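J.: Here it is: the structure, laid out below.
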Amino acid sequence: MNKQKVIFILLNEFADWEGAYIATSLNTGVKPGSPIKYTVKTLSVNKEPVTSIGGFKVLPDYGINELPEDYADIEDSYQFYTNGFSPK
């Protein structure tokens, strides 16, 4: 099965807890025992490390100019809380 990419946008001082629960579910199957259809990737302005409010340093998978065309959804804090997860 070809997994679809869900891309989380990370900016400096991002809230590291906001995407943690949905990212875990996407990487392990939305329900226990269900097929794993998605893989989580990260995007930022460039591929330099981004630091969260909690001090985690994350190396993004993509810079803004490298956004792949074959993604399922892009998540950021605003979209996550207003629209929820909505695959293309």
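J.: Condition check: small (Gly, Ala, Ser), at pLDDT below 85, out of contact with any Cys (no Cβ under 9 Å at 6 or more places or on another chain) and surrounded by fewer than 12 Cβ atoms within 10 Å (Cβ to Cβ). Does residue 55 satisfy that? Give the derivation first.
T.: On the way: small (Gly, Ala, Ser): yes; at pLDDT below 85: no; out of contact with any Cys (no Cβ under 9 Å at 6 or more places or on another chain): yes; surrounded by fewer than 12 Cβ atoms within 10 Å (Cβ to Cβ): yes.
Considered against the rule, which asks whether it is small (Gly, Ala, Ser), at pLDDT below 85, out of contact with any Cys (no Cβ under 9 Å at 6 or more places or on another chain) and surrounded by fewer than 12 Cβ atoms within 10 Å (Cβ to Cβ), residue 55 comes out as no.
J.: If you check residue 22 against the conditions, is it in contact with a Phe, Trp or Tyr (Cβ under 7 Å, 6 or more places away or on another chain) and touching a residue at least 24 places away in the same chain (Cβ under 8 Å)?
T.: yes
J.: So for segment 62-75 (the condition being among the hydroxyl-bearing types (Ser, Thr, Tyr), out of contact with any Asp or Glu (no Cβ under 8 Å at 6 or more places or on another chain) and either modelled with pLDDT under 90 or exposed (fewer than 13 other Cβ atoms within 10 Å of the Cβ) (or both)), does at least one residue qualify?
T.: Scanning segment 62-75 turns up at least one residue that is among the hydroxyl-bearing types (Ser, Thr, Tyr), out of contact with any Asp or Glu (no Cβ under 8 Å at 6 or more places or on another chain) and either modelled with pLDDT under 90 or exposed (fewer than 13 other Cβ atoms within 10 Å of the Cβ) (or both).
The values are calculated or read from the model by the stated rules, or taken from the named source; none is laboratory data. Given the structure is predicted, the values throughout are model-derived calculations rather than measurements. As a convention, Cβ positions derive from the backbone with ideal geometry for all residues, glycine included, and neighbour counts pool all protein chains shown.
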